[in-house]
Amino acid sequence: MPDARPLKVLVVEDESLVALDIETMLEEMGCKVVASVPRLVRALDLASRLDFDLAVLDINLAGEVVYPLAFRLADRGIPFVFSTGYSTAALPPELRDRPILRKPVMLANLKRAVAMARTGIRSIN
């Protein structure tokens, strides 16, 4: 029997309106947003304490890159999606195969990126 519990998601986004849009879309998809944080330090702290199934990570958090968190999640086997409005050319090689969600975020693209992350399918970029 399939697991009926909602997918628990951590949102890491420094722009409050963008975060709210992503949270709303995730909830429309039947997900439960367990936390939404705008800064890397707080996200690193919560990621070590919270129970979640997937994360949506803005690459640039007020001038800080989210890579330390991405590497930590990868080590723990927690899937994640990057979100960005910028080029992804500077992504570390080890992270280039992760799903990318382009801003402005659209529901269909979020659904696709989450599905890719959950099934282990990586970006075709």
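The values are calculated or read from the model by the stated rules, or taken from the named source; none is laboratory data. Not measured: the values here are computed from a predicted model. Using ideal geometry, Cβ is built from the backbone for each residue, glycine included, and neighbour counts are taken over all protein chains shown.
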Exercise. Of the residues that make up region 66-76, is at least one crowded, with 17+ Cβ neighbours inside 10 Å and within 14 Å of ASP14 (Cβ to Cβ)?
Worked result: yes
Exercise. Of these, SER83, SER36, which one is crowded, with 21+ Cβ neighbours inside 10 Å, modelled with pLDDT of 95 or more, among the small types (Gly, Ala, Ser) and part of a strand (DSSP E or B)?
Worked result: SER83
For this session: Those residues that are farther than 17 Å from MET116 by Cα and surrounded by 13 or more Cβ atoms within 10 Å (Cβ to Cβ), I need them from region 12-33; list them, please.
Result: VAL12, GLU13, ASP14, GLU15, VAL18, ALA19, LEU20, ASP21, GLU23, GLU27, LYS32, VAL33
For this session: Taking the options ASP97, ASP75, ASP3, ASP21, name whichever one is modelled with pLDDT under 95 and in a helix (DSSP H, G or I).
Result: ASP75
Seminar exercise, completed: Only one of (1) at pLDDT below 95; (2) part of a helix (DSSP H, G or I); (3) buried (at least 19 other Cβ atoms within 10 Å of the Cβ); (4) not polar (S, T, N, Q) does not apply to LEU91, and that is (2)
Exercise. Which residue pairs have Cβ atoms closer than 9 Å, lie 6 or more positions apart in sequence or on different chains, and pair a first residue in region 63-87 that is touching a residue at least 60 places away in the same chain (Cβ under 8 Å) with a second residue that is in a helix (DSSP H, G or I)?
Worked result: SER83/VAL18; SER83/ILE22; SER83/LEU110; SER83/ALA113
